[in-house]
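Each remark here refers to the structure printed beneath this line.
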Amino acid sequence: MTEKNYNPNEMLICTASRLMTDDSTAFIGTGIPMLAASLAQKMHAPNLTTIFEFGGMGAILDDLPVAVGGRRSFHRALSALGILDVIEAAGRGLIEYGFIGGAQIDPYGNLNSTVIGDFYKPKVRLPGSGGGNDVGSHCWQTIAIMRHDKRRFIPKVDFITTPGYLTGPGSREAAGLPPNTGPYRVVTNLALLGFHPESKRMMLLATQPGVTVEEVLECTGFELLLADEVEENPPPSEEELKILREDVDKEKFYI
Amino acid sequence: MKILQEGIGELLQPPDVNGFREWNRKKSKSLIDKRMNDAEVVRRFIHEGDFIGTELYGSVRCPMSIVNEIIRQDIKNLRLVGQGVYESDVLLAAGLIKEIDYTYIGLELYGISHVIRREIDAGRVEKIVEWSNGALVWRFKAAAMGVPFIPVRSMLGTDTFKYSAAKLVECPYTGDPIALVPALILDVGIIHVHRADKYGNCQIDGITGFAYEMSRACKTLIISAEEIVSTDVIRRQPDRTIIPYYLVDAVVHAPFGSHPGEMCYHYERDEEHIQLWAEVSKKPETTQEYLEKYIYNLKDHQEYLDLIGEERLQYLQDIVPSRG
């Protein structure tokens with residue numbers, strides 16, 4: 001295998017970034033989504049309207065936000081309002097993508113960011129929903145960004161913080177969630193995953209460069225569907241890496 | 001309306017909207033000077049067992065001078081609306097929080113809160129009831145509307161719903177299931193703003209977070225402000241006033257009141273200090289040492305600022321970028 005000139009985090013950021021389309025609205029959570037959005041704005045999506053939880057809308061991500069309520073989340077933005085305006089915009093169907101993270105995910109894309117173990121006697125108390133549940137409930141397409149291993153990709157999450165397809169086809173609608181919403185992609189250090197249009201179960205779409213299908217299956221704690229043709233993601237381009245390192249994260253917060 | 005399901009979380013603060021109206025009727029509507037210091041505010045307005053909320057959150061526009069004073073005065077058994085970072089961590093570390101309407105307690109990019117875990121294990125935090133951020137701001141909105149609940153499409157189908165005190169009902173108009181969340185009326189809300197006059201008319205620069213809704217959802221509202229301005233300044237730009245005086249009970253002048261958090265256009269967040277907390281809060285002993293050094297051993301906010309030092313505060317101002 002040839003020596004890679006990038007690290008897994010950089011690959012993850014590039015994969016997420018490529019999913020952000022120009023002239024669209026995207027709810028940006030803490031961490032990797034911020035880097036991905038900044039990279040997308042500087043690459044292929046200059047008119048990506050970023051939306052941050054506590055009121056920043058349309059920021060130009062010259063400096064990488066470190067907090068979803070910090071001043072960088074509304075730097076040269078189009079508006080700086082409050083959390084109610086943001087969540088209600090999603091509620092009215094104005095926000096296409098929601099980029100979020102989680103500690104555990106199941107085959108239907110349900111996410112846990114609340115607790116590992118029993119709710120009342122937790123092994124680990126995680127930060128909690130914050131806006132995660134709202135994003136997964138109201139945005140049209142939710143994209144989860146995760147590290148890929150068997151402890152995180154499990155058959156049943158300890159706690160459903162944020163709704164995926166719940167128990168399968170039709171269950172979101174039956175629960176009262178808006179129709180035609182739900183998980184769209186899962187981006188990991190090993191793969192790009194989607195969801196089968198009928199069964200709503202997680203499906204391997206592409207592997208990260210140098211990663212085999214077997215390795216992905218080995219690191220997934222449930223049966224993963226395979227796309228008819230599992231592709232291999234192109235590695236980060238010279239341009240992506242240059243912008244990412246010298247511009248997006250010039251203060252070296254993440255990479 | 002048919003109730004289809006109920007969350008098993010306890011309703012920590014029942015939505016007494018009529019009581020809220022009576023309370024608001026009695027609130028002074030005169031333009032009186034409400035300035036006082038942190039010590040007096042906490043002594044007069046924050047009592048053991050109160051349900052309190054702080055806004056925005058620990059690293060952004062947060063009323064830290066008042067949070068620190070609550071800890072100094074050791075007001076116990078508080079119930080907290082928990083969308084918090086550093087500020088909820090120090091309140092928890094001081095052992096003052098008994099119950100939480102919980103949505104997020106963590107340290108943002110520095111990960112999970114170690115303090116919340118220890119407080120749960122020690123049994124000091126007795127009740128945690130789950131909500132989403134959206135549910136929380138809608139609960140404030142219901143209180144602001146003066147109604148006991150509001151229908152929302154968050155939390156549906158999840159454990160976030162199961163461990164909340166929300167209810168699932170059949171919508172009387174569409175027949176679809178929809179969640180109802182109860183109005184949340186705080187005993188005391190505490191909000192840090194950029195500028196206020198002595199009567200409590202407040203203006204915030206930048207995003208407003210929960211401030212609009214929370215300020216209208218509390219019986220007692222305490223304001224701390226970077227700057228106290230003349231009412232003339234307010235009257236010149238009334239469109240900028242987000243909190244009018246009659247909502248407000250006390251006004252504290254607190255320059256650098258959000259430290260170690262940021263105050264947009266005034267000073268940046270003190271990254272080193274936030275990292276310091278992230279590190280020391282991992283262990284009970286170092287957590288307590290921190291509380292001694294930065295809170296208990298100090299008389300007031302001025303002593304805190306002296307300890308942080310003029311040079312550091314000046315630096316945090318100097319690194320504020322231009323708005324262009």
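The values are calculated or read from the model by the stated rules, or taken from the named source; none is laboratory data. Given the structure is predicted, the values throughout are model-derived calculations rather than measurements. All Cβ positions, glycine included, derive from the backbone under ideal geometry; neighbour counts span all protein chains shown. Just so you know, the surface numbers come from the protein's heavy atoms only, side chains and all, with ligands and any DNA or RNA stripped out. Shrake-Rupley method; radii C 1.70, N 1.55, O 1.52, S 1.80 Å.
Exactly one condition in (1) more than 9 Å from chain B (Cβ to nearest Cβ); (2) farther than 25 Å from residue B:113 by Cα; (3) not in a loop (DSSP other than H, G, I, E, B); (4) not aliphatic (A, V, I, L, M) is not met by residue A:88; state its number.
Among (1) more than 9 Å from chain B (Cβ to nearest Cβ); (2) farther than 25 Å from residue B:113 by Cα; (3) not in a loop (DSSP other than H, G, I, E, B); (4) not aliphatic (A, V, I, L, M), residue A:88 violates only (1).
Of the conditions (1) touching a Phe, Trp or Tyr at 6+ places or on another chain (Cβ under 8 Å); (2) under 28 Å from residue B:106 (Cβ atoms); (3) crowded, with 24+ Cβ neighbours inside 10 Å, residue B:200 satisfies every one except a single condition; which number is it?
Just one mismatch for residue B:200, condition (2).
Counting only residues that are within 28 Å of residue A:253 (Cα to Cα) and either more than 9 Å from chain A (Cβ to nearest Cβ) or in contact with a Cys (Cβ under 6 Å, 6 or more places away or on another chain) (or both), how many does segment B:92-117 have?
Final tally of qualifying residues: 5.
In segment B:275-300, what residues are assigned to a helix (DSSP H, G or I), open to solvent by less than 20 Å² (accessible area, probe 1.4 Å) and touching a Ser or Thr at 6+ places or on another chain (Cβ under 7 Å)?
Correct list: B:287 only.
What residue, of A:67, A:45, A:59, is of a type outside the set (D, E, K, R) and closer than 17 Å to residue B:109 by Cβ? Can you show your working first?
Details: A:45 fails: closer than 17 Å to residue B:109 by Cβ; A:59 fails: closer than 17 Å to residue B:109 by Cβ.
Answer to the selection: A:67.
State yes or no: is residue B:271 surrounded by 13 or more Cβ atoms within 10 Å (Cβ to Cβ), within 14 Å of chain A (Cβ to nearest Cβ), within 30 Å of residue B:117 (Cβ to Cβ) and more than 20 Å from the chain's Cα centre (by Cα)?
Yes.
Please tell me if residue A:211 is over 17 Å from the mean Cα position of the chain (by Cα), away from chain B (no Cβ under 14 Å) and part of a loop (DSSP other than H, G, I, E, B). Even if it seems obvious, please write down each step before you answer.
Values: over 17 Å from the mean Cα position of the chain (by Cα): yes; away from chain B (no Cβ under 14 Å): yes; part of a loop (DSSP other than H, G, I, E, B): yes.
Yes.
Does residue A:69 qualify as being assigned to a loop (DSSP other than H, G, I, E, B) and either open to solvent by 40 Å² or more (accessible area, probe 1.4 Å) or on the phi > 0 side of the Ramachandran plot (or both)?
no
For segment A:208-217, which residues satisfy the criterion of being exposed (fewer than 15 other Cβ atoms within 10 Å of the Cβ) and either touching a residue at least 40 places away in the same chain (Cβ under 8 Å) or of a type in the set (S, T, N, Q) (or both)?
Within segment A:208-217, A:209, A:210, A:212 meet the criteria.
Taking the options A:134, A:118, name whichever one is farther than 28 Å from residue A:71 by Cα, within 12 Å of chain B (Cβ to nearest Cβ), acidic (Asp, Glu) and out of contact with any Pro (no Cβ under 7 Å at 6 or more places or on another chain).
The unique qualifying residue is A:118.
Can you name the residue in segment B:68-80 that is closer than 18 Å to residue B:218 by Cβ and touching a strand residue (DSSP E or B) at 6+ places or on another chain (Cβ under 6 Å) and, of all such residues, is surrounded by the most Cβ atoms within 10 Å (Cβ to Cβ)?
Across segment B:68-80, the extreme among qualifying residues is B:80.
When residue A:67 is evaluated against the numbered criteria (1) closer than 26 Å to residue B:120 by Cβ; (2) out of contact with any Asp or Glu (no Cβ under 6 Å at 6 or more places or on another chain); (3) at the interface with chain B (Cβ under 8 Å from one of its Cβ atoms), which criterion, by number, is the only one it fails?
Failed condition: (2).
Among the residues of segment A:17-34, what is the count of those that are buried (at least 24 other Cβ atoms within 10 Å of the Cβ), in a helix (DSSP H, G or I) and at pLDDT 95 or above?
The qualifying residues number 1.
Could you grab the pairs with beta carbons closer than 7 Å, sequence gap of 6+ or different chains, first residue in segment B:156-182 and facing chain A (nearest Cβ under 10 Å) and in a strand (DSSP E or B), second one surrounded by 20 or more Cβ atoms within 10 Å (Cβ to Cβ) and of a type in the set (S, T, N, Q)?
Every condition considered, the pairs that remain are B:179/B:154.
Among the residues of segment B:242-253, are any touching a His at 6+ places or on another chain (Cβ under 9 Å) and in contact (Cβ under 8 Å) with a residue 24 or more places away in the chain?
yes
Here's a check for you: in segment B:307-324, which residue that is assigned to a helix (DSSP H, G or I) and more than 25 Å from the chain's Cα centre (by Cα) is farthest from residue A:251 (Cα to Cα)?
B:310
One line per residue, one yes/no per condition, for (1) β-branched (Val, Ile, Thr); (2) more than 17 Å from the chain's Cα centre (by Cα):
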| position | (1), (2) |
| --- | --- |
| B:205 | no, yes |
| B:208 | yes, no |
| B:212 | no, no |
| B:215 | no, no |
| B:218 | no, no |
| B:223 | yes, no |
| B:237 | no, yes |
| B:245 | no, yes |
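Kindly provide the set of residues from segment A:232-255 that are at pLDDT 95 or above, open to solvent by 40 Å² or more (accessible area, probe 1.4 Å) and under 20 Å from the mean Cα position of the chain (by Cα), ordered by number.
Residues satisfying the conditions are A:232, A:234, A:235.
Spot the failing condition for residue B:44; the list is (1) open to solvent by 90 Å² or more (accessible area, probe 1.4 Å); (2) free of Cβ contacts under 8 Å to residues at least 60 places away in the same chain; (3) under 29 Å from residue B:125 (Cβ atoms); (4) not acidic (Asp, Glu), and only one is missed.
Only one criterion is unmet by residue B:44, namely (2).
Please list, ordered by first then second residue, the pairs with beta carbon atoms under 9 Å, 6 or more apart or interchain, first in segment B:210-225 and more than 14 Å from chain A (Cβ to nearest Cβ), second among the polar types (S, T, N, Q) and assigned to a helix (DSSP H, G or I).
Listed pairs, sorted by first residue: B:219/B:24; B:221/B:215; B:223/B:215; B:224/B:65.
With (1) more than 29 Å from residue B:295 (Cα to Cα); (2) buried (at least 17 other Cβ atoms within 10 Å of the Cβ) as the list, and residue B:53 as the residue in question, which single condition is left unmet?
(1)
Taking residue A:76, is it without any contact (Cβ under 8 Å) to a residue 40 or more places away in the chain, basic (Lys, Arg), in a loop (DSSP other than H, G, I, E, B) and open to solvent by 10 Å² or more (accessible area, probe 1.4 Å)? Spell out how you get there, then give the answer.
Working: without any contact (Cβ under 8 Å) to a residue 40 or more places away in the chain: yes; basic (Lys, Arg): yes; in a loop (DSSP other than H, G, I, E, B): yes; open to solvent by 10 Å² or more (accessible area, probe 1.4 Å): yes.
So residue A:76 passes the test.
I'd like to check something: does segment B:142-151 contain any residue that is open to solvent by less than 30 Å² (accessible area, probe 1.4 Å), under 27 Å from residue A:166 (Cα atoms) and modelled with pLDDT of 95 or more?
yes
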